[in-house]
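Enquirer: Take a look at this one; I'll ask things after.
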Amino acid sequence: MAVRTNLTKNLFSALSGRILNPLRSGHGGYSNPLPAAAAAYSSSSAAALETAGPEPFDLLGVKEYEDYRRSLYGDVTHKALLVDAVGTLVVPSQPMAQIYKQIGEKYGVNCSEDEILNRYRRAYEQPWGRSRLRYVSDGKPFWQHIVTSSTGCSDLQYFEELYNYYTTDKAWHLNDPEAGKIFDAIRKAGVKVAIVSNFDTRLRPVLRALNCEQWFDAVAVSAEVAAEKPNPTIFLKACELLGVKPEDAVHVGDDRRNDIWGARDAGCDAWLWGSDVRSFKEVARRIGVRV
C-alpha cells in the first residue's frame, strides 16, 4: 500500500470527520514523496478511506481548498507556473483517426475512422506490459503497438511516416493564440514557467516546430524523468529544475486525474483547464500578473 501523507491526513481532519479517499498513487503504486510526508496511516484507517468515494479535493469548493492550502503553507504564492502540453498548451490540428487513415491508405489501411478510433482507445487503455512506463526515450515500441493495434497495419514505413508527422507543426497548433504574449508577461513578472508532460522525446522538437520552446524555463517530460503523471515525481522534478518549492507552484492541465490530483499530491496548487481557467490570460490574472 502506498505511503499516506500528512497532506491527506490533515485534510481528513480539516473536513470535520468526512470520510475521504486518500490521494491516489499513480502507476506502479509509488509512495508519495511530498516534503510533508511522514508516518503512514494505520491499515484500518487506510482501508476505511480507500472505500470512501471521491477524491478529497473534489469535495472542496474553491474557497475551502484555498483556505486549506493557507492552513498548510500560509499565504499562497505562485512563484512558478507548470503547464501541461497536449490538451492545454497544444492540441492536434486534425483528429487522430483521420490522420491514421489518411496516411495509412497508401499502405493498405482500409478501416473506417470510427474503427480506428475505437481500436486506438482499447489499445491505449490496456496496461503496457513491456515497461512500467509507456514513453521510454522516443516511445517507438509503445507507439508501434498502438498504430498496429489501431489499424491492423504493421508496415514499418507507415509507422515511421506517421510517427514523424507528429513532430511537425502540421500536426499541432497552440490552444491559446495569446500564449506567447502571456508567458512573456508572466516571466517578466518573475514567475518561472515549465512544461510538465506525459510525452516521449518528440516533445522538444514539437515545441521548436511551434516556435515556443523559448517560452519555458524548464521542460519535464515523462520519458526523460522516468515518471508519468499522476506520479508526483514528475511535478517535483519540474519544481527542482525551476528551483522552487512545490507549494509555491501551480500546475494547469486538462486531465483531472493526471494533472489535478497528481499535482496536488506533489504539494502544488492545481487548476483544471477548461473549468478553473479557460485561457492563459486568466491564468496570469489568477497568479497576480497583469497582461
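The values are calculated or read from the model by the stated rules, or taken from the named source; none is laboratory data. No experiment lies behind these values; they were computed from the predicted model shown. All Cβ positions, glycine included, derive from the backbone under ideal geometry; neighbour counts span all protein chains shown.
Enquirer: I'd like to verify a number: residues in the range 207-217 that are surrounded by fewer than 21 Cβ atoms within 10 Å (Cβ to Cβ), touching a residue at least 12 places away in the same chain (Cβ under 8 Å), within 20 Å of the chain's Cα centre (by Cα) and outside any loop (DSSP other than H, G, I, E, B), how many?
Expert: Qualifying residue count for the region: 1.
Enquirer: Then there is this: Specify the residue that is modelled with the lowest pLDDT; the eligible residues are those in the range 235-291 that are farther than 21 Å from VAL219 by Cβ and of a type in the set (Lys, Arg).
Expert: ARG290
Enquirer: Still on this model: Can you name the helices (runs of 4 or more DSSP H) wholly within the range 224-291 that have at least 3 residues being of a type in the set (A, V, I, L, M)?
Expert: Numbers: elements: 232-242, 262-265, 280-286.
Output list reads 232-242.
Enquirer: Condition (residue is over 21 Å from HIS78 (Cβ atoms) and not small (Gly, Ala, Ser)) applied to the range 185-198: is it met by at least one residue? Steps first, answer last, please.
Expert: Of the range 185-198, the ones over 21 Å from HIS78 (Cβ atoms) are 198.
Checking which are not small (Gly, Ala, Ser) leaves us with 198.
Yes, that holds for at least one residue.
Enquirer: Inside the range 86-163, counting only helices (runs of 4 or more DSSP H) that do not spill past its ends, which hold 1 or more residues that are basic (Lys, Arg) and crowded, with 18+ Cβ neighbours inside 10 Å? Don't jump to the end; show me each part of the working.
Expert: Numbers: elements: 96-104, 113-125, 140-151.
Per the criteria, 96-104, 113-125.
Enquirer: Additional query: Does the range 258-268 include one or more residues that are over 22 Å from TYR73 (Cβ atoms) and not assigned by TED's automatic domain parsing to the domain that holds PRO141?
Expert: The first filter runs over the range 258-268 and keeps only residues over 22 Å from TYR73 (Cβ atoms), leaving 258.
Narrowing further to those that are not assigned by TED's automatic domain parsing to the domain that holds PRO141: 258.
Yes - at least one qualifying residue is present in the range 258-268.
Enquirer: Mind checking which residues of the range 122-135 are touching a Ser or Thr at 6+ places or on another chain (Cβ under 9 Å) and not aromatic (Phe, Trp, Tyr)?
Expert: ARG122, ALA123, GLN126, LEU133, ARG134, listed by residue number.
This table checks each residue for (1) touching an Asp or Glu at 6+ places or on another chain (Cβ under 8 Å); (2) within 19 Å of ALA171 (Cα to Cα); (3) in contact (Cβ under 8 Å) with a residue 60 or more places away in the chain.
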| position | (1), (2), (3) |
| --- | --- |
| TYR73 | yes, no, yes |
| GLN98 | yes, yes, no |
| GLU113 | no, yes, no |
| ASN118 | no, no, no |
| ARG134 | yes, no, yes |
| SER137 | yes, no, yes |
| ILE146 | no, yes, no |
| SER150 | no, yes, no |
| SER154 | no, no, no |
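Enquirer: Sticking with this one: I'd like the full set of residues that are in contact with a Lys or Arg (Cβ under 9 Å, 6 or more places away or on another chain) and within 18 Å of ARG134 (Cα to Cα), limited to the range 197-214.
Expert: Within the range 197-214, SER197, ASN198, ASP200 meet the criteria.
Enquirer: Of these, LYS181, LYS188, LYS229, which one is crowded, with 20+ Cβ neighbours inside 10 Å and in the same structural domain as ALA263 (by TED's automatic domain parsing)? Steps first, answer last, please.
Expert: Details: LYS181 fails: crowded, with 20+ Cβ neighbours inside 10 Å; LYS188 fails: crowded, with 20+ Cβ neighbours inside 10 Å.
Only one candidate passes the filter, namely LYS229.
Enquirer: Among GLY74, GLY104, which is the only one that is more than 24 Å from GLY274 (Cβ to Cβ) and in contact with a Cys (Cβ under 7 Å, 6 or more places away or on another chain)? Walk me through it before giving the result.
Expert: Working: GLY74 fails: in contact with a Cys (Cβ under 7 Å, 6 or more places away or on another chain).
Result of the check over GLY74, GLY104: GLY104.
Enquirer: Identify, by number, the condition in (1) farther than 28 Å from PRO127 by Cβ; (2) without any contact (Cβ under 8 Å) to a residue 24 or more places away in the chain that ARG204 doesn't meet.
Expert: Among (1) farther than 28 Å from PRO127 by Cβ; (2) without any contact (Cβ under 8 Å) to a residue 24 or more places away in the chain, the lone unmet condition for ARG204 is (1).
Enquirer: For ALA220, all conditions in the list (1) part of a strand (DSSP E or B); (2) assigned by TED's automatic domain parsing to the domain that holds GLN102; (3) aliphatic (A, V, I, L, M) hold save one; what is the number of the exception?
Expert: Single failed check for ALA220: (2).
Enquirer: Scan the range 158-171 and report the pairs whose first residue is of a type outside the set (Ser, Thr, Tyr) and whose second residue is part of a helix (DSSP H, G or I), with Cβ atoms within less than 7 Å and a gap of 6+ or a chain change.
Expert: PHE159/GLN144; PHE159/VAL147; GLU161/ILE103; LEU162/TYR100; LEU162/ILE103; LEU162/VAL147; ASP169/ALA209; ALA171/TYR165
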